[in-house]
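> Here it is, the structure, as structure tokens.
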Amino acid sequence: MQTRTLQLDLGKKSYPIYMGQNLLTQAQFLTNHIAGKQVMIITNTTVAPLYLNKVKALLSLLKVAEVILPDGEQYKTLETVNLIFDALLENRFDRSCTLIALGGGVIGDMTGFAAASYQRGVNFIQIPTTLLSQVDSSVGGKTGVNHALGKNMIGAFYQPKCVIIDVDTLDTLDDRQYSAGMAEVIKYGLLGNKAFLTFLQANIESLIARDKDLIIQAVYQSCVDKANIVAQDELETGKRALLNFGHTFGHAIENTLGYGVFLHGEAISVGMLMAAELSKLIGNLTDQEVFAVKDLLEKSNLPVSVNGKINALEFFDAMRVDKKAIDGNIRLILMKKLGESYISSSYQKEQLKQIINDFC
Ligand code: NAD
Ligand code: GLY
């Protein structure tokens with residue numbers, strides 16, 4: 001398959017997103033974007049045995065160091081990022097160095113944040129290896145860590161020099177993680193691309209059965225949609241908030257239950273259905289349309305409720321710790337119709353509470 005290249009257009013900060021198969025055997029995608037001679041690969045204990053040597057083999061002429069972090073959302077913290085700083089300083093890396101994030105969204109978010117902060121900013125490259133990170137987190141420059149009081153609350157906007165998406169890395173990803181990534185793919189259809197939503201509805205069984213050609217189409221379209229939105233609103237002063245469709249509900253689930261009970265994409269799945277139900281309650285969607293959303297999520301083996309694991313009061317409280325909240329007012333991404341979303345703070349609090357009660 002031909003490698004596809006997509007440009008994220010951000011003026012001087014523009015960068016290519018390379019996508020295809022077998023990219024981790026081709027050095028040029030990586031080496032063309034490394035400026036200095038010092039490279040640090042940041043990965044974790046799960047991904048390192050699978051892909052670290054492959055990536056190192058592409059960098060034989062450079063000084064390459066590595067940091068292998070513990071695996072898990074619970075380690076997406078300032079303490080873990082500090083391990084990256086320790087390694088950079090111990091290896092005397094200077095401002096010309098390049099950090100490479102090799103892994104899923106957790107590694108990508110932490111590496112990007114370390115790159116934004118180390119010596120006030122060094123180069124970094126994303127090599128995402130989960131479906132979720134390939135279609136969402138590696139693109140667009142949101143970086144950061146969790147705080148005990150809220151998910152992704154500490155961070156920076158900081159763009160990579162390039163993103164290298166080798167869809168073959170998905171071959172080693174387990175089914176649960178793959179489905180969690182599919183939630184973010186579905187998000188693009190629901191929030192603003194009716195044609196893509198129709199494609200997903202028609203092909204979801206084959207996508208879940210991992211048809212490679214369909215995966216490539218879905219990853220590519222997701223990156224196109226994300227890149228378009230980020231190019232219009234890098235710092236999320238407006239339209240970019242649409243990419244958080246389902247996330248205010250989803251983050252509340254993750255924050256309340258603790259990390260690991262629901263994977264990020266699983267929490268977003270429930271969150272998207274809650275947003276669809278609220279959209280129905282305010283008169284924007286029909287029963288059949290909400291059913292169509294639920295059906296697509298269920299066919300992706302994603303959860304569609306919290307199964308009594310959270311009580312409604314806790315849920316509502318957790319929703320208030322959200323970056324989209326302004327002066328304590330929870331702004332939500334709701335649907336005008338299938339394939340079109342908008343930012344709303346004009347729904348009734350009672351309607352939101354009803355939805356939360358129904359799902360809890
Ligand atoms: P993750 O990084 O925890 O990866 C999931 C699991 O898959 C981990 O155990 C990981 O080690 C393993 N893994 C990674 N690649 C693998 C491979 N190829 N084969 C086998 N196992 C592999 O989770 P994720 O779903 O990739 O990312 C979730 C994170 O991304 C969350 O922290 C979320 O907040 C963040 N996120 C960020 C953005 C953004 O714009 N920056 C967007 C969406 C999500
Ligand atoms: N995942 C949301 C964003 O990148 O804005």
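The values are calculated or read from the model by the stated rules, or taken from the named source; none is laboratory data. A quick note: this is a predicted structure, and the numbers were derived from the prediction, not measured. Note that each Cβ is placed from the backbone with ideal geometry, even for glycine, and that neighbours are counted across all protein chains shown. Keep in mind that these areas ignore ligands, DNA and RNA; they rest on the heavy atoms of the full protein, side chains included. Shrake-Rupley method; radii C 1.70, N 1.55, O 1.52, S 1.80 Å.
> Those residues that are under 29 Å from residue 240 (Cα atoms), loosely packed, with under 15 Cβ neighbours inside 10 Å, over 20 Å from the mean Cα position of the chain (by Cα) and not charged (D, E, K, R), I need them from the range 1-31; list them, please.
11
> Out of 155, 181, 112, 189, I need the residue that is within 16 Å of ligand 2 (Cβ to nearest atom) and more than 27 Å from residue 52 (Cβ to Cβ). Which one?
189
> I've got another one for you. Residue 119 versus (1) out of contact with any Gly (no Cβ under 9 Å at 6 or more places or on another chain); (2) not in a helix (DSSP H, G or I): which is the lone unmet condition?
It fails just one condition, (2).
A quick yes/no check of all residues on (1) touching a Pro at 6+ places or on another chain (Cβ under 7 Å); (2) farther than 13 Å from residue 335 by Cβ; (3) without any contact (Cβ under 8 Å) to a residue 24 or more places away in the chain; (4) of a type in the set (A, V, I, L, M, F, W, C):
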position: 243; (1), (2), (3), (4): no, yes, no, yes
position: 270; (1), (2), (3), (4): yes, yes, no, yes
position: 280; (1), (2), (3), (4): no, no, yes, no
position: 283; (1), (2), (3), (4): no, no, yes, no
position: 292; (1), (2), (3), (4): no, no, no, yes
position: 301; (1), (2), (3), (4): no, yes, no, no
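> Quick check: is even one residue across the range 229-248 closer than 30 Å to residue 49 by Cβ and either in contact with a Gly (Cβ under 6 Å, 6 or more places away or on another chain) or more than 16 Å from ligand 2 (Cβ to nearest atom) (or both)?
no
> Taking the range 80-122, which residues are farther than 19 Å from residue 56 by Cβ, within 16 Å of ligand 1 (Cβ to nearest atom) and of a type in the set (S, T, N, Q)?
Matches in the range 80-122: 80, 117.
> So for the range 73-80 (the condition being more than 19 Å from residue 129 (Cβ to Cβ), touching a Lys or Arg at 6+ places or on another chain (Cβ under 9 Å), surrounded by fewer than 23 Cβ atoms within 10 Å (Cβ to Cβ) and hydroxyl-bearing (Ser, Thr, Tyr)), does at least one residue qualify?
no
> Now a separate question. Looking at 297, 313 in this structure, which one is open to solvent by 30 Å² or more (accessible area, probe 1.4 Å), among the aliphatic types (A, V, I, L, M) and either out of contact with any helix residue (DSSP H, G or I) (no Cβ under 7 Å at 6 or more places or on another chain) or touching a residue at least 40 places away in the same chain (Cβ under 8 Å) (or both)?
313
> Which of the residues belonging to the range 123-158 are in contact with a helix residue (DSSP H, G or I) (Cβ under 8 Å, 6 or more places away or on another chain), open to solvent by 20 Å² or more (accessible area, probe 1.4 Å), more than 8 Å from ligand 1 (Cβ to nearest atom) and not in a strand (DSSP E or B)?
158 - this is the single residue of the range 123-158 that is in contact with a helix residue (DSSP H, G or I) (Cβ under 8 Å, 6 or more places away or on another chain), open to solvent by 20 Å² or more (accessible area, probe 1.4 Å), more than 8 Å from ligand 1 (Cβ to nearest atom) and not in a strand (DSSP E or B).
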